[in-house]
Amino acid sequence: MEIPYKIYLSEDEIPRAWYNVRADMKVKPAPLLVPSTLKPATAEDLGHVFCDELVKQELDNDHAFIEIPEDIRNFYKMYRPSPLVRAYCLERALGTPAHIYYKFEGNNTSGSHKLNSAIAQAYYAKKQGLKGVTTETGAGQWGTALSMATAYFGLDCKVYMVKVSYEQKPFRREVMRTYGASVTPSPSDTTNVGRAILAEHPGTTGSLGCAISEAVETAVSNDGYRYVLGSVLNQVLLHQSVIGLETKTALDKYGIKADVIIGCAGGGSNLGGLISPFVGQKLRGEADYQIIAVEPASCPSFTRGKYAYDFCDTGRVCPLAKMYTLGSNFIPSANHAGGLRYHGMSSTLSELYHQGLMEARSVEQTSVFDAAVQFARVEGILPAPESSHAIRVAIDEALKCKETGEAKNIVFGLTGTGYFDLVAYQKYNDHQMSDYIPTDEELQKSLAQLPKVEN
Ligand SMILES: *Cc1c(COP(=O)(O)O)cnc(C)c1O
């Protein structure tokens with residue numbers, strides 16, 4: 001059967017239920033812990049911070065399928081199903097016998113996959129009768145996605161944006177404000193934790209961990225508000241399973257069996273969503289796949305981090321999560337421009353990695369931008385730097401096939417577009433981009449501050 005450039009599905013083929021990979025894991029991801037007692041966080045503990053229905057999803061290790069409410073599915077219909085694209089042009093440019101496919105999630109105003117979870121989280125907040133939600137954003141994709149989702153459901157949205165991004169990405173900020181969100185540069189003097197961080201590190205340009213602390217404090221100290229997070233959590237991976245479910249439906253339609261599945265990994269949500277149905281098959285012994293997580297060499301949580309309980313935020317207000325981590329005080333070098341800067345990794349993916357069900361690679365940013373430009377020039381789409389980590393390894397794998405003559409099916413997640421990352425592209429085009437790999441001593445410094453938890 002001739003495979004088209006774009007494999008589109010019909011509206012009817014948008015999944016009716018999310019797939020929860022935890023249900024098929026024999027060893028479950030480690031539970032979140034309450035920092036003060038080191039006991040597993042209960043629904044009541046988490047209910048102060050997160051929406052009730054999302055807490056239920058967070059703690060649900062048993063139900064494989066969770067129905068997607070009609071309102072969310074209708075919103076999905078505006079920009080989904082997303083296309084699975086056969087990268088014929090890239091294959092030709094590389095001269096590889098491999099078949100390369102990418103699932104493109106950038107076809108919405110937020111420019112990334114993050115809208116898949118934002119709309120679900122806003123829906124449950126609305127259903128609970130809340131006034132609004134708070135969150136942090138780094139590069140701005142999550143904040144944009146959430147402001148779109150809260151606008152749709154008529155909720156208030158308070159975004160703490162890492163100060164360096166706030167200053168470097170004024171247009172991102174303006175998109176969020178256009179959708180009605182209020183955007184505060186973090187650290188700010190609007191929270192106790194922000195004031196404390198500013199006092200200790202005057203002039204700091206902020207970090208994700210710090211913005212999370214500010215957003216959580218604002219949520220718990222304002223009536224009718226809860227905090228929402230765009231990655232890392234189990235619930236976010238669950239919502240992102242629409243990516244993997246659609247990918248699998250599209251491949252199955254054409255009788256294609258993926259050999260290698262590749263995704264970039266920041267907090268792990270797009271990768272977790274993409275691979276979930278495939279890992280499910282692996283866990284049930286039905287099929288095998290090579291799965292590769294790709295992370296920046298400057299923020300290498302899987303490849304050089306420790307599998308341990310750690311704080312999710314700098315201010316240490318969130319529950320502890322067991323994950324591959326570089327330590328909550330780790331901040332990637334200032335020359336790192338490619339996103340994926342979170343110090344930790346989804347607990348679900350961490351456990352899958354720990355069990356050997358997936359592998360991880362770290363790549364340097366100049367080679368990531370080499371791949372981004374090569375891809376853009378033949379496939380047309382200007383990729384987000386984050387997504388380009390996956391492109392890098394997809395190209396590397398396709399070039400290996402050229403040597404061995406194998407016609408492998410390589411599938412990767414193209415999570416978003418790079419229109420708001422042109423400062424990074426400018427650096428690359430001006431040959432001013434450099435690589436920075438943290439030394440063991442630097443990593444030791446932040447890892448030495450991991451909380452002491454028996455695990
Ligand atoms: C946020 C983001 C990522 C990384 O987040 P994950 O939770 O690891 O998926 C990757 N690509 C794009 C375009 C993003 O916006």
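The values are calculated or read from the model by the stated rules, or taken from the named source; none is laboratory data. Since we're looking at a predicted model, the values are computed, not measured. Every residue, glycine as well, gets a Cβ built from its backbone with ideal geometry; the counts of neighbours run over all protein chains shown. Keep in mind that these areas ignore ligands, DNA and RNA; they rest on the heavy atoms of the full protein, side chains included. Shrake-Rupley method; radii C 1.70, N 1.55, O 1.52, S 1.80 Å.
Are there any pairs with C-beta distances below 8 angstrom linking a residue in the stretch 423-447 that is of a type in the set (V, I, T) to a residue that is open to solvent by 50 Å² or more (accessible area, probe 1.4 Å) and modelled with pLDDT under 95, with the two at least 6 apart or on different chains, and if so which?
Note: pairs meeting the criteria are V423/Q168.
Test Y353 against the stated conditions and say whether it is of a type outside the set (D, E, K, R) and open to solvent by 30 Å² or more (accessible area, probe 1.4 Å). Lay out the reasoning, then the answer.
Values: of a type outside the set (D, E, K, R): yes; open to solvent by 30 Å² or more (accessible area, probe 1.4 Å): yes.
Against the criterion (of a type outside the set (D, E, K, R) and open to solvent by 30 Å² or more (accessible area, probe 1.4 Å)), Y353 qualifies.
Quick check: is even one residue across the stretch 261-277 away from the ligand (no atom under 16 Å from the Cβ) and not in a strand (DSSP E or B)? Explain how you work it out, then say what you get.
So in the stretch 261-277, the residues away from the ligand (no atom under 16 Å from the Cβ) come out as 277.
Then drop every residue that is not not in a strand (DSSP E or B), which leaves 277.
Within the stretch 261-277, one or more residues are away from the ligand (no atom under 16 Å from the Cβ) and not in a strand (DSSP E or B).
Regarding the stretch 44-63, can at least one residue be identified that is out of contact with any helix residue (DSSP H, G or I) (no Cβ under 8 Å at 6 or more places or on another chain), farther than 21 Å from L414 by Cβ and open to solvent by 10 Å² or more (accessible area, probe 1.4 Å)? So that I can check it myself, show each step before the final result.
Of the residues in the stretch 44-63, the ones out of contact with any helix residue (DSSP H, G or I) (no Cβ under 8 Å at 6 or more places or on another chain) are 44-45.
Next, only the ones that are farther than 21 Å from L414 by Cβ stay: 44-45.
This time we only want the ones that are open to solvent by 10 Å² or more (accessible area, probe 1.4 Å), so: 44-45.
Checked the stretch 44-63: at least one residue is out of contact with any helix residue (DSSP H, G or I) (no Cβ under 8 Å at 6 or more places or on another chain), farther than 21 Å from L414 by Cβ and open to solvent by 10 Å² or more (accessible area, probe 1.4 Å).
Among the residues of the stretch 380-396, write down those that are open to solvent by 10 Å² or more (accessible area, probe 1.4 Å), outside any loop (DSSP other than H, G, I, E, B) and more than 16 Å from the ligand (Cβ to nearest atom). Let's see the steps before the verdict.
Looking only at the stretch 380-396, we keep the residues that are open to solvent by 10 Å² or more (accessible area, probe 1.4 Å), and these are 380-382, 386, 392, 396.
Still in the list and also outside any loop (DSSP other than H, G, I, E, B): 386, 392, 396.
Hit for the stretch 380-396 is D396, nothing else.
Output the number of residues of the stretch 214-256 satisfying the condition of being part of a loop (DSSP other than H, G, I, E, B) and within 16 Å of the ligand (Cβ to nearest atom). Steps first, answer last, please.
We begin by selecting, within the stretch 214-256, every residue part of a loop (DSSP other than H, G, I, E, B); these are 221-224, 228-233, 254-256.
Cutting the leftovers down to within 16 Å of the ligand (Cβ to nearest atom) gives us 228-233.
So the answer is 6.
Kindly establish whether V242 is of a type in the set (A, V, I, L, M), open to solvent by less than 20 Å² (accessible area, probe 1.4 Å), in the same structural domain as L320 (by TED's automatic domain parsing) and under 19 Å from A118 (Cβ atoms). Break it down stepwise before answering.
Working: of a type in the set (A, V, I, L, M): yes; open to solvent by less than 20 Å² (accessible area, probe 1.4 Å): yes; in the same structural domain as L320 (by TED's automatic domain parsing): yes; under 19 Å from A118 (Cβ atoms): yes.
Here the answer is yes, as V242 does meet what is asked.
Only one of these is at pLDDT below 95 and among the basic types (K, R): R341, R361. Name it. Step through it out loud before you land on a result.
Values: R361 fails: at pLDDT below 95.
Criteria check complete, one pass: R341.
Return the pairs, sorted by first residue and then second, in which the second residue is of a type outside the set (G, A, S), the first residue lies in the stretch 360-388 and is at positive phi, the beta carbons are less than 9 Å apart, and the residues are 6+ apart or on different chains.
G380/C89
Taking into account only those residues within the stretch 298-319 that are over 17 Å from the mean Cα position of the chain (by Cα), within 14 Å of V232 (Cβ to Cβ) and at pLDDT below 95, which is nearest to the ligand (Cβ to nearest atom)?
Ranking the qualifying residues of the stretch 298-319, first place goes to C318.
Of the residues A371, A376, which single one is surrounded by fewer than 19 Cβ atoms within 10 Å (Cβ to Cβ) and either within 16 Å of the ligand (Cβ to nearest atom) or assigned to a strand (DSSP E or B) (or both)? Reasoning before the result, please.
Details: A371 fails: surrounded by fewer than 19 Cβ atoms within 10 Å (Cβ to Cβ).
Being surrounded by fewer than 19 Cβ atoms within 10 Å (Cβ to Cβ) and either within 16 Å of the ligand (Cβ to nearest atom) or assigned to a strand (DSSP E or B) (or both) holds for just one of A371, A376, which is A376.
For the stretch 406-455, which residues satisfy the criterion of being more than 16 Å from the ligand (Cβ to nearest atom), hydroxyl-bearing (S, T, Y) and surrounded by 12 or more Cβ atoms within 10 Å (Cβ to Cβ)?
Y428, S434, Y436, S446, listed by residue number.
Would you point out the residue of the stretch 114-132, among those that are within 13 Å of the ligand (Cβ to nearest atom) and either without any contact (Cβ under 8 Å) to a residue 40 or more places away in the chain or open to solvent by less than 10 Å² (accessible area, probe 1.4 Å) (or both), that is farthest from T404 (Cα to Cα)? Give the steps one after another, and end with the answer.
To start, the set of residues in the stretch 114-132 that are within 13 Å of the ligand (Cβ to nearest atom) comprises 114-118.
Those left that are additionally either without any contact (Cβ under 8 Å) to a residue 40 or more places away in the chain or open to solvent by less than 10 Å² (accessible area, probe 1.4 Å) (or both): 115-118.
Numbers: L115: 39, N116: 38, S117: 40, A118: 42 Å.
Checked the stretch 114-132; the qualifying residue farthest from T404 (Cα to Cα) is A118.
With the structure loaded, tell me whether H354 is under 30 Å from D24 (Cα atoms) and away from the ligand (no atom under 16 Å from the Cβ) or whether it fails that test. Lay out the reasoning, then the answer.
On the way: under 30 Å from D24 (Cα atoms): yes; away from the ligand (no atom under 16 Å from the Cβ): yes.
Spelling it out, H354 is indeed under 30 Å from D24 (Cα atoms) and away from the ligand (no atom under 16 Å from the Cβ).
Against the conditions (1) within 21 Å of K39 (Cβ to Cβ); (2) among the acidic types (D, E); (3) within 14 Å of the ligand (Cβ to nearest atom), where does E295 fall short? Just the number, please.
That leaves (1) as the condition not met.
Among the aliphatic types (A, V, I, L, M) and within 30 Å of V363 (Cβ to Cβ): which single residue out of A219, A258 fits that description?
Values: A219 fails: within 30 Å of V363 (Cβ to Cβ).
Going through A219, A258 in turn, just one is among the aliphatic types (A, V, I, L, M) and within 30 Å of V363 (Cβ to Cβ): A258.
For the stretch 191-213, which residues satisfy the criterion of being more than 16 Å from the ligand (Cβ to nearest atom) and assigned to a helix (DSSP H, G or I)? Outline the logic, then answer.
Step one: of the stretch 191-213, the residues more than 16 Å from the ligand (Cβ to nearest atom) are 191-206, 210, 213.
N192, V193, G194, R195, A196, I197, L198, A199, E200, C210, S213, listed by residue number.
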